Amino acid sequence: RNHLEMYTAIKAWADEKLAYLNVKEDIHSSEPARQHLSLMDALDTAFKGMTESEKPPLHKLGDDIRAAKYETQYSMWVYEKPQEVTALETTVTGLWSQITERSAHKRAVLLDDLAREEYREKVRLW
């Protein structure tokens, strides 16, 4: 795969996760809260996997592209748009920051939802 294809696949994955992280679930019992916390666990596992398996090859290929140079006594060539490669990698880094922040926030809200609903269920039993 080339750099742009790698970036496109990573960005599509990140956009999908951010769409989920931007939704506030309407929690009215403890079970949906637990289910969504389980989904958050799965998202965190997938995020770790992407961080370890997809992000490093993107940056490695970007480094290789920026470092590529052909030079002889007759001619020379370097990639003419290294800033575009860097911009794609910077976008991915920004997406990773957004996912990290929004995931932590969503988890905190869901944990609060769960605590509230467990308390509500406990009080109903009194």
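No lab work stands behind these numbers, since they all come straight from the coordinates. In this text the structure is predicted, and so the values were computed from the model without any measurement. Neighbour counts run over all protein chains shown; Cβ positions are idealised from the backbone, glycine included.
General remarks:
- For the stretch 1-122, the number of Lys pairs separated by eight or more positions or lying on different chains, with C-alpha atoms closer than 19 Å, is 12.
- Computed over the chain, Cα set: Rg, Dmax in Å: 21.6, 89
- Kirkwood-based shape ratio for the stretch 41-91, expressed as Rg/Rh from alpha carbons: 1.22
- Kirkwood hydrodynamic radius over Cα pairs of the stretch 63-126, then Stokes diffusion coefficient at 10 °C and 1.306 mPa s, in µm²/s: 97
- Other residues within the sphere of radius under 12 Å centred on the Cβ of A14, judged by their own Cβ, net out at +1 (K and R +1, D and E -1).
- Kirkwood-Stokes translational diffusion coefficient of the stretch 26-65, alpha-carbon pairs, 25 °C, 0.890 mPa s, µm²/s: 201
- Choice from E31, E80, E52 with maximal GNM fluctuation in the chain (Cα, 10 Å cutoff): E80
- Under 13 Å, Cβ to Cβ, from D41 - net charge with Lys/Arg +1 and Asp/Glu -1: +3
- Short-range pairs are left out: with C-alpha atoms under 8 Å and at least six residues apart, the relative contact order of the stretch 59-123 is 21 percent.
- The trypsin sites (Lys or Arg not before Pro) of the stretch 21-53 that DSSP puts in a loop, and whose beta carbon has at most 11 other beta carbons within 10 Å, are K24.
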